[in-house]
Amino acid sequence: MSPRIKALTVENLRSIGPVVKIEFPVDGPLVLLGENNAGKSNLTRAIDMVFGERWPGTLTLDDHDFHGRDPDGIAVAIHASVEGLPCPYSCTGQVTHIRWIYDPQNPQQNGDSVNYSMSCSACTKTYMNRN
């Protein structure tokens, strides 16, 4: 089975308000249609933030990345349900869910605002920022 994103949930990223959830088709492409400033590019940015070239735990956001352009009291969250992705910490498990949250109001124990974690069918491993 090839790795694929099954569903994506994005909260408070740029023009995306409280919650937007997309279910990806099993076969064929997903086509995003909408007027300007509807959030199409912001959905692709969310995918790039979690699955792109940069390590997700090192990403930081600017004020314009928050919905309403105000980071006070607001967290940006991206959740992805995936399949076909082998867990790097289990010889038998597969990653089922990836979570990325940027919340400067509630930093992690090490002081970082990013919480990046993945869940696996055999284990759960949490990756802290910059580790």
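The values are calculated or read from the model by the stated rules, or taken from the named source; none is laboratory data. A quick note: this is a predicted structure, and the numbers were derived from the prediction, not measured. Heads up, the Cβs are rebuilt from the backbone with ideal geometry, glycines too, and the neighbour counts pull from every protein chain shown. Protein only, heavy atoms only, side chains kept; ligands, DNA and RNA dropped before computing areas. Shrake-Rupley method; radii C 1.70, N 1.55, O 1.52, S 1.80 Å.
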Test: residue in region 48-70 that is under 15 Å from the mean Cα position of the chain (by Cα), under 20 Å from Q105 (Cα atoms) and open to solvent by 70 Å² or more (accessible area, probe 1.4 Å): yes
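Residue by residue, here is whether (1) touching a Ser or Thr at 6+ places or on another chain (Cβ under 8 Å); (2) without any contact (Cβ under 8 Å) to a residue 12 or more places away in the chain; (3) of a type in the set (K, R) holds:
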| site | (1), (2), (3) |
| --- | --- |
| L43 | no, no, no |
| A46 | no, no, no |
| M49 | no, no, no |
| D62 | no, yes, no |
| A77 | yes, no, no |
| P86 | no, yes, no |
| Y102 | yes, no, no |
| A122 | yes, no, no |
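Does D27 fit the bill of being acidic (D, E) and free of Cβ contacts under 8 Å to residues at least 40 places away in the same chain?
Details: acidic (D, E): yes; free of Cβ contacts under 8 Å to residues at least 40 places away in the same chain: yes.
Taking the combined requirement at face value, the residue satisfies it.
Mind checking whether some residue in region 46-59 is of a type in the set (A, V, I, L, M, F, W, C), in contact with an Asp or Glu (Cβ under 9 Å, 6 or more places away or on another chain), closer than 26 Å to K6 by Cβ and not in a loop (DSSP other than H, G, I, E, B)?
First, the residues of region 46-59 that are of a type in the set (A, V, I, L, M, F, W, C): 46-47, 49-51, 55, 59.
Still in the list and also in contact with an Asp or Glu (Cβ under 9 Å, 6 or more places away or on another chain): none.
Within region 46-59, none of the residues are of a type in the set (A, V, I, L, M, F, W, C), in contact with an Asp or Glu (Cβ under 9 Å, 6 or more places away or on another chain), closer than 26 Å to K6 by Cβ and not in a loop (DSSP other than H, G, I, E, B).
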Selection from region 74-110 of residues that are part of a loop (DSSP other than H, G, I, E, B) and surrounded by 19 or more Cβ atoms within 10 Å (Cβ to Cβ): C87
Residue list for region 111-120, restricted to those being surrounded by fewer than 17 Cβ atoms within 10 Å (Cβ to Cβ) and among the polar types (S, T, N, Q): S117
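For the structure I just gave you, tell me whether G73 is in contact (Cβ under 8 Å) with a residue 12 or more places away in the chain and under 14 Å from the mean Cα position of the chain (by Cα). Show your work before the answer.
Working: in contact (Cβ under 8 Å) with a residue 12 or more places away in the chain: yes; under 14 Å from the mean Cα position of the chain (by Cα): no.
No: the conditions fail for G73.
Among the residues of region 5-27, which ones are open to solvent by less than 60 Å² (accessible area, probe 1.4 Å) and under 24 Å from G84 (Cα atoms)? Spell out the reasoning first.
Of the residues in region 5-27, the ones open to solvent by less than 60 Å² (accessible area, probe 1.4 Å) are 5, 7-13, 15-17, 20, 22, 24-25.
Within region 5-27, I5, A7, L8, T9, V10, V20, I22, F24, P25 meet the criteria.
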G39, sole failed condition from (1) on the phi > 0 side of the Ramachandran plot; (2) touching a residue at least 24 places away in the same chain (Cβ under 8 Å); (3) open to solvent by 30 Å² or more (accessible area, probe 1.4 Å): (3)
